[in-house]
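Below is one structure, written out as structure tokens; the observations come after it.
The values are calculated or read from the model by the stated rules, or taken from the named source; none is laboratory data. This is a predicted model, so every value here is computed, not measured. Note that each Cβ is placed from the backbone with ideal geometry, even for glycine, and that neighbours are counted across all protein chains shown.
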Amino acid sequence: MAGTAHAAGTLGAAAASSGRYFGAAVAASHLGESAYASTFDTEFNAVTPENEMKWDATEPSRGSFSFGSADQIVSNAQAHGMKIRGHTLVWHSQLPSWVGNLSASDLQSAMDNHITQVMTHFKGKIYAWDVVNEAFADGASGQHRSSPFQDKLGNGFIEHAFRTARSVDPDAKLCYNDYNIENWTDAKTQGVYNMVKDFKSRGVPIDCVGFQSHFGSSGPPAGFATTLANFASLGVDVQLTELDIAQAPASAYTSTVQACLSVARCTGITVWGVTDKYSWRSGDTPLLFDGNYGKKAAYTAVLNALNAGGATTPPTTPPTSPPTTPPTTPPTTPPPTSGPVCAASYAVTNSWAGGYQIEVTVKSTGTAALSAWTVLWNQPADQTVSQMWNAVQGTNGSLTTAHNTSYNGSVAPGASTTFGYLANSADAPASTLPMSCTIS
Ligand code: G2I
């Protein structure tokens, strides 16, 4: 929203004005410090545990899992209605030594089990997981870097990790996350881009790419927005996941935020820490709050840039649908069947590169009012429903279902109600889609 009259006063609220989140990495060990906790709780509406969900923290010895400090961050976030990014399931660093000592087949089962146990523990609470972190090499090769996973399992370990992750928690967004992939022409950027393109073309489940964005004092590369847009056009969300900028120049922060705002599918930004005091690169004073939690010039620059808005992301709150006037029945319509009966019809209301929005009208076509309804359809596997409003999503065998909510199950004869959903898809939505409707 341009102008100052309605400008939001916190980073999270300002980001939310264009449908985005603004998060910070936090450490559980600092949550007891009141200035840290209050700055974080007030300003941010998303969180990434800085170290607490990594392999060395969650499975320090094989098969023995510990989630205490991660749970602390998760419950604090839930208490404040924040989005949570899970970081990270498969990474060569902060990997306990036992993992590196396994044979290939044992490593594969250890990796599968780690993904399964960790994702199951946090199931339903995580907005997006960094399923695989930093798997590509720096420099000119554009290839995967050496790691226990790469060296023993080969290139396929990334795809395998994503497939496993989807099977464990189909509702979490699955991201690939890396650094030095912000400059479009870099070989590393191209390597990751080609992987995502390949995954999308073969139906390997991937929903998002995280650009860590650890920048030097000159800020992002000139083509950062182009990079974000090019990835988004593959049909994935993009996010700035670990932003910090040496010396935190206000102008560098502004251009970074603007790059995200210029891309509709750039869904949020996370800075890698709350205060310079605890930054992993604190000597660079790269964050938005100084060591005493004072707001730096970069803070104001970010707040203003977020309030100025940008390309709007798909709605994250249910659009309020105007009351639907019952259409008058044309005289040619056969008399209604006795008892409650419903029919569903589908309409595309919006589409963009990588996604679309659907509105479904549920009509009460019998002689008695509906007291409940369920719509069923065959959702193409590569077109994932990401959000639904005015109905509760479910499945029935291979079909996707939408059941009435507590407030729209009753529909008088001849009247109708609507619900909507968003889908992530590389393809355009079908112009018509058969939908059936049942009265329970
Ligand atoms: O290195 C910056 C980030 C690059 N991308 C992935 C991120 O996960 C990574 O985060 C950093 C954390 O900010 C540091 O806090 O990852 C480092 C480890 O690779 C974290 O540092 C570690 C120290 O190395 C350990 O000695 C320490 O025990 O933090 C641990 C917990 O404080």
Out of curiosity, is D151 without any contact (Cβ under 8 Å) to a residue 60 or more places away in the chain, assigned to a loop (DSSP other than H, G, I, E, B) and of a type outside the set (G, A, S)? no
Taking segment 73-100 only, how many residues are in contact (Cβ under 8 Å) with a residue 60 or more places away in the chain and within 13 Å of T58 (Cα to Cα)? 5
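Touching a residue at least 12 places away in the same chain (Cβ under 8 Å), farther than 12 Å from T256 by Cβ and either surrounded by 20 or more Cβ atoms within 10 Å (Cβ to Cβ) or within 16 Å of the ligand (Cβ to nearest atom) (or both): is that true of Y193 in this structure? Reasoning before the result, please.
Values: touching a residue at least 12 places away in the same chain (Cβ under 8 Å): yes; farther than 12 Å from T256 by Cβ: yes; either surrounded by 20 or more Cβ atoms within 10 Å (Cβ to Cβ) or within 16 Å of the ligand (Cβ to nearest atom) (or both): no.
Here the answer is no, as Y193 does not meet what is asked.
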In segment 162-180, which residues are among the hydrophobic types (A, V, I, L, M, F, W, C) and more than 16 Å from the ligand (Cβ to nearest atom)? F162, A165, V168, A172, L174
Residue that is nearest to S416 (Cα to Cα) [pool: residues in segment 371-390 that are under 21 Å from the mean Cα position of the chain (by Cα) and of a type in the set (G, A, S)]: S386
Say whether the condition of being out of contact with any helix residue (DSSP H, G or I) (no Cβ under 6 Å at 6 or more places or on another chain) and loosely packed, with under 15 Cβ neighbours inside 10 Å is met by at least one residue in segment 84-93. yes
Taking segment 361-382 and keeping residues of a type in the set (F, W, Y) and in contact with a Leu (Cβ under 8 Å, 6 or more places away or on another chain) leaves W377
If you go through segment 26-64 one residue at a time, how many are among the small types (G, A, S), more than 19 Å from H114 (Cα to Cα) and assigned to a loop (DSSP other than H, G, I, E, B)? 2
Taking segment 7-42 and keeping only residues that are within 16 Å of the ligand (Cβ to nearest atom) and not β-branched (V, I, T), one is left with G23, A24, A25, A27, A28, S29, H30, L31, G32, E33, Y36, F40
Tell me yes or no: at least one residue of segment 3-11 is farther than 16 Å from A128 by Cα, free of Cβ contacts under 8 Å to residues at least 12 places away in the same chain and in a helix (DSSP H, G or I). no
Close pairs (8 angstrom Cβ cut-off, 6 or more residues apart or separate chains): more than 25 Å from P220 (Cβ to Cβ) in segment 169-183, within 13 Å of the ligand (Cβ to nearest atom) anywhere: A172/G86
Assess whether N45 counts as being more than 16 Å from the ligand (Cβ to nearest atom) and under 23 Å from D169 (Cα atoms). yes
Among the residues of segment 131-161, how many are among the charged types (D, E, K, R), within 16 Å of the ligand (Cβ to nearest atom) and in contact with a helix residue (DSSP H, G or I) (Cβ under 7 Å, 6 or more places away or on another chain)? 1
Hey, among V348, V362, which residue is buried (at least 19 other Cβ atoms within 10 Å of the Cβ), under 42 Å from the mean Cα position of the chain (by Cα) and modelled with pLDDT of 65 or more? V362
Which one is farthest from V341 (Cα to Cα) among residues in segment 394-407 that are among the polar types (S, T, N, Q) and surrounded by fewer than 17 Cβ atoms within 10 Å (Cβ to Cβ)? S398
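One residue is enough: does segment 197-210 have a residue meeting the conditions small (G, A, S) and crowded, with 18+ Cβ neighbours inside 10 Å?
yes
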Inspect all residues belonging to segment 273-293 and state whether any of them is aromatic (F, W, Y), buried (at least 21 other Cβ atoms within 10 Å of the Cβ), within 25 Å of A128 (Cα to Cα) and touching a residue at least 24 places away in the same chain (Cβ under 8 Å). no
Inside segment 345-440, counting only strands (runs of 3 or more DSSP E) that do not spill past its ends, which hold 2 or more residues that are in contact (Cβ under 8 Å) with a residue 24 or more places away in the chain? 355-364, 374-377, 384-389, 399-403, 416-424, 436-438
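Which one of these is at pLDDT 95 or above, surrounded by 19 or more Cβ atoms within 10 Å (Cβ to Cβ), among the hydroxyl-bearing types (S, T, Y) and farther than 23 Å from G86 by Cα: T227, T241, T185?
Checking each option against the conditions leaves just T227.
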Restricting to segment 48-93, what's the tally of residues that are among the basic types (K, R) and near the ligand (Cβ under 10 Å from one of its atoms)? 1
